[in-house]
Amino acid sequence: MSRDSASCIAIPSADCNPSTSGQTTSVVRLGDVPTSRSSSRKNFVVVEHWLSESEQRWHGFWSHFGAVCKKRVRLSDTAIRLTAGVSSAVVARTCVAPLERVKLESQIALSVGSSSRPRARLPLNRSLQRIIKREGFLGLWKGNKVNLLRTAPYKAMNFLVFDTLHDLLLKRGEKLELSNRERAFSGAAAGVLSAMCFFPLDVVRTRLIADDKYKAMGVARALTHIVRKEGFGGLYRGALPALISMGPNGAVFYGMYDWLKMQKLRSRCTEKGVTLESLSEEEKVLGVWQLLLHGAISGAASEASTYPLDLVRRRMQVQTGSFGRMTSPSRMVHLLRDVVQKHTVFGLYAGLLPSVLQVLPSSALGYFTYESTKAWLEHNFRDPHH
């Protein structure tokens, strides 16, 4: 058989010929028969073309949108920082909401101080399976709306306070870099002020997830119920450990990030053989991976350093009723002692793994979104008079 004939096959024709056996055959080359591989290749090319075209349209839309807004909108530094802070919270918190939910479940599972029987702690994967089985896949995002109502303005104020104090201290000292003490002060002030302003929403969110009688309530109804049953002070239950933890937390988070950023800029200056003063604004912007890495390191360091106080804060928030003459410091010390006695020192770090897993991407995405959005807004919409 020749090479030509070997590459051909006989396929019955659809037309009938009564003068023969009732069927004719036609010769078709194998290359003409569509195969699954060639079909998949064509589909891949179509999808690739569609993605490329969609990306071009997306960039074209934002270029046109930016050009129109640039002519009509001018933003102050405060507005830019607030907008970038809100964007940062929405992106980061929505992406890591499932891990935040598992962390909360782990922190309140032991129900210290409750009359109900304590629930056993579950591993990370079993906690995820339990939530999905009980509430469905979207149950992993339960409480995220309330969390965004709290974290969006919280992070916006956080970034605003830190950046404002950062710039003020730089101008006051007429220098290009803050000392570690100044970084810590700015970060601590940002953390404490933001936490106190939006702490009631944090209490409501914890109750909606942890307490069965609050689960059917909305945010407004839960706020009203807490004030009516426990007084206005009920909205700030657990505020003391929050105050104690948010100061060091903010100091470590912002101080670490600013230090890492300045180290990178100094390294860049050494490579180019220039001074820090001679770097342009564009050269002071870090790359994508540097922003993500620095944000992740800062978030993990701040979370681990103050985690026991965060755990106590959650436990105090889910406690209801009267505590007699016990003051907030006494209750906080009592809870810490109770956790250590029942579950050893490791009990103070219940839920640390999902917390760190949540903080790493959250901090990375948060700082990346904030810095990117702020740079874009400053480039396109900054008011020249500010």
Exercise. Name, by its number, the condition in (1) surrounded by 21 or more Cβ atoms within 10 Å (Cβ to Cβ); (2) in a loop (DSSP other than H, G, I, E, B) that does not hold for G295.
Key: (2)
Quiz prompt | Leading residue by the ranking (nearest to A84 (Cα to Cα)) among those in the stretch 152-182 that are crowded, with 21+ Cβ neighbours inside 10 Å and out of contact with any Leu (no Cβ under 9 Å at 6 or more places or on another chain) | solution = K155
Practice problem: For the stretch 208-256, name all the residues that are of a type in the set (D, E, K, R) and either under 25 Å from the mean Cα position of the chain (by Cα) or under 20 Å from R315 (Cβ atoms) (or both). | Solution: D211, D212, K213, K215, K229, E230, R237
Practice problem: Scan the stretch 183-200 and give yes if some residue there is more than 28 Å from E303 (Cα to Cα) and charged (D, E, K, R), otherwise no. | Solution: no
Practice problem: Looking only at the stretch 366-380, decide whether some residue is crowded, with 17+ Cβ neighbours inside 10 Å and modelled with pLDDT under 80. | Solution: no
Exercise. Please verify whether the stretch 240-254 includes one or more residues that are out of contact with any Ser or Thr (no Cβ under 7 Å at 6 or more places or on another chain), among the hydroxyl-bearing types (S, T, Y) and not in a loop (DSSP other than H, G, I, E, B).
Key: no
Quiz item: From the residues in the stretch 132-150 that are outside any helix (DSSP H, G or I) and touching a helix residue (DSSP H, G or I) at 6+ places or on another chain (Cβ under 7 Å), which one is least open to solvent (accessible area, probe 1.4 Å)?
Solution: G143
Self-check item: Residue satisfying condition, being without any contact (Cβ under 8 Å) to a residue 12 or more places away in the chain and either part of a loop (DSSP other than H, G, I, E, B) or not small (G, A, S) (or both), within set R181, R205
Solution: R181
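The values are calculated or read from the model by the stated rules, or taken from the named source; none is laboratory data. Only a predicted model underlies this, so the values are computations on that prediction, with no experimental measurement involved. Every residue, glycine among them, receives a Cβ derived from its backbone with ideal geometry; neighbour counts consider all protein chains shown. Please note that ligands, DNA and RNA were not included when accessible areas were found on the heavy atoms of the full protein model with its side chains. Shrake-Rupley method; radii C 1.70, N 1.55, O 1.52, S 1.80 Å.
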